[in-house]
Amino acid sequence: MGEQTEFEPGQRAPNDGEYIEIGEASFHTGINNPKRIHLHRGDRFPETSNHRRKWKKFNS
């Protein structure tokens, strides 16, 4: 099994880092101005802009 890559609001961050909102499963639907946050390991993910979005680790 691999490491989880998408996170729901309320879950705890597995590692320190930047996280960004991602859209629905379709890869071609981008999000304009997605929320970007910095969390420390164990912090809870905040609510997203809408219920269809999730959080994902941002690799710059």
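Between the amide H of K54 and those of I22, distances stay under 5 Å, these residues lying 5 or more places away or on another chain, with hydrogens modeled in the peptide plane.
Each principal axis of the Cα cloud of the chain was taken in turn, and the coordinate range along them, longest first, works out to 30, 26, 24 Å.
Based on Cα contacts under 8 Å between residues 6+ apart, the chain shows a relative contact order of 49 percent.
Counting only trypsin sites (Lys or Arg not before Pro) that are in a DSSP loop and have at most 14 other C-beta atoms within 10 Å, tell me the longest site-free stretch of the chain. With trypsin sites (Lys or Arg not before Pro) excluded where exposed in loops, the chain gives 1-34 as its longest stretch. Among T48, T5, the order by Cβ neighbours within 10 angstrom, fewest to most, reads T5, T48.
Throughout, read-outs are computed from the coordinates displayed, never taken from laboratory work. Values in this document were obtained by computation on a predicted structure and should not be read as measured data. Note that we place each Cβ from the backbone using ideal geometry, even for glycine, and neighbour counts take in every protein chain shown.
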